[in-house]
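K.L.:
Let me give you the structure first, and then I'll get to my questions.
Readers should treat all values here as calculations from the given coordinates under stated rules, not as data from a laboratory. Bear in mind that the values here come from a model prediction, so they are computed numbers and not experimental data. Positions of Cβ are generated from backbone atoms using ideal geometry, with glycine treated the same way; all protein chains shown enter the neighbour counts.
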Amino acid sequence: MTAAIPTQAFDTDEARWDAVQRRDRAADGRFVYSVRSTGVYCRPSCPSRGALRANVAFHAGCAEAEAAGFRACLRCKPDQAPLAERQAQAVARACRLIEASEEEPDLDSLAQAAGMSRFHFHRVFKAHTGITPKAYAAAQRAARVRAQLPEASSVTDAIYDAGFGSSGRFYAASTGLLGMKPASYRSGGQGESIRFAVAQCSLGAILVAATERGICAVLIGDEPEPLVHDLQERFPRAELIGAEPGFERTVAQVIGLVEAPRVGLELPLDVRGTAFQQRVWQALREIPAGQTVSYAELAERVGLKDGARAVAGACAANPVAVAIPCHRVVRTDGSLSGYRWGIERKRVLLDREAGQ
């Protein structure tokens, strides 16, 4: 983590000029500089062509520079919020626009609302959220469908109310969006068969559940009952099939992963989440056993700068313990932070992967 730069680092003209020459973003907000030959004042990080030192003066802030007769640079806009903050605000507005629209807004409309070109907006949106505007809109529609299906008078009504232009378009993606047929999801999983079993492992009680597509839950806790209740709350009307003899091999493979996480798991997964969660979970599966990354590093891997808090939320929502190794994410200083299944279990898993 970069240490904070003390205010006195820029308390001399020599230090300020050095910051201007380096276009030091850390100096932004500490002072502005004016250029006599152009009549403008800029941020220290302004990318404009460098000025001659003889033409440069330094000011404590915008008001002081304007009182001296200088106008704000149109490129770095020192009289406005920093660029990163303005971009974040524009992306936030675009997200709200997507969420409030009955139909998916086209890219040109979103870019125009953000005051950017089509290409630049697409790049900025992905840099700040980790996904494209189209993927964000799809995730919002999927969330609306999930919320409306249980209450809608029909599946068709829920589909159109969520912003899908046609039922065919929705059904083509329904398995990925819901993890099961729309009618089954609407009825709380009714008609869906989920096999599960509870066993004991070195970390405590473990519940393994799977649909016909793959493992949908690996839950770990102190007692079996809360784990079963968790699964029941996820799918209150699904057919939960317990203690099926043919499922024992799957459970044994998952327990084997817990006891020897370096071995890996070859079984298919059936995990359901937002587009961003899916992106984070995939990045987690690409972290080799025995290695760790920080939340900040993971955020960079999914293209979301300064998104440590967002990826931490996706880690916390992981429904498949160990198979999606969110235990391999630590604080920047290497210390252990929150883990859905308990900090001590996280420590044990990391020690096993390190061969201790």
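K.L.:
Convert each backbone phi in segment 234-240 into a coupling constant with the Karplus relation 6.51 cos²θ - 1.76 cosθ + 1.60 (shift: θ = phi - 60°), then list the ³J(HN,Hα) values in order as whole Hz, x for Gly and Pro.
P.N.:
Coupling constants for segment 234-240: 5, 9, x, 10, 6, 7, 8 Hz.
K.L.:
May I ask you to derive the FRET efficiency for ARG309 and LEU52 from their Cβ-Cβ distance with R0 = 45 Å, giving the value to the nearest 0.05?
P.N.:
Efficiency for this residue pair is about 0.55.
K.L.:
Once you have the Cα-Cα distance between ASP106 and ARG25, take 0.36 nm times their residue separation minus that, and quote the gain in nm to one decimal.
P.N.:
25.8 nm
K.L.:
So if each residue of separation counts as 0.36 nm, and I subtract the Cα-Cα distance between SER37 and HIS120, what length gain in nm does that give?
P.N.:
Answer, rounded to one decimal: 26.7 nm.
K.L.:
If all Cα-Cα distances of segment 284-356 are sorted into 5 Å bins from 0 onward, what percent lands in each bin, rounded to whole numbers?
P.N.:
3, 18, 30, 30, 14, 5, 1
K.L.:
Report Rg (one decimal) and Dmax (nearest whole number) for segment 197-244, counting Cα atoms only, units Å.
P.N.:
Cα only, segment 197-244: 10.5, 32 Å (Rg, Dmax).
K.L.:
For segment 195-336, what D do you get in µm² per second when you plug the Kirkwood radius from alpha-carbon pairs into Stokes-Einstein at 20 °C and 1.002 mPa s?
P.N.:
135
K.L.:
For GLU64 and GLU14, calculate 0.36 nm times their separation in residues minus their Cα-Cα distance, and state this gained length in nm to one decimal.
P.N.:
Fully extending the segment from GLU64 to GLU14 adds 16.1 nm.
K.L.:
With θ taken as phi - 60° and the coefficients 6.51, -1.76 and 1.60, list the Karplus ³J(HN,Hα) couplings across segment 111-121 in order, rounded to whole Hz; mark glycine and proline as x.
P.N.:
5, 5, 5, 8, x, 10, 6, 4, 5, 5, 4
K.L.:
Here's something else I'd like to know. Calculate the FRET efficiency for GLN291 and CYS201 from the Cβ-Cβ distance with a Förster distance of 22 Å, rounded to the nearest 0.05.
P.N.:
Step by step, r from the Cβ atoms, then E = 0.45.
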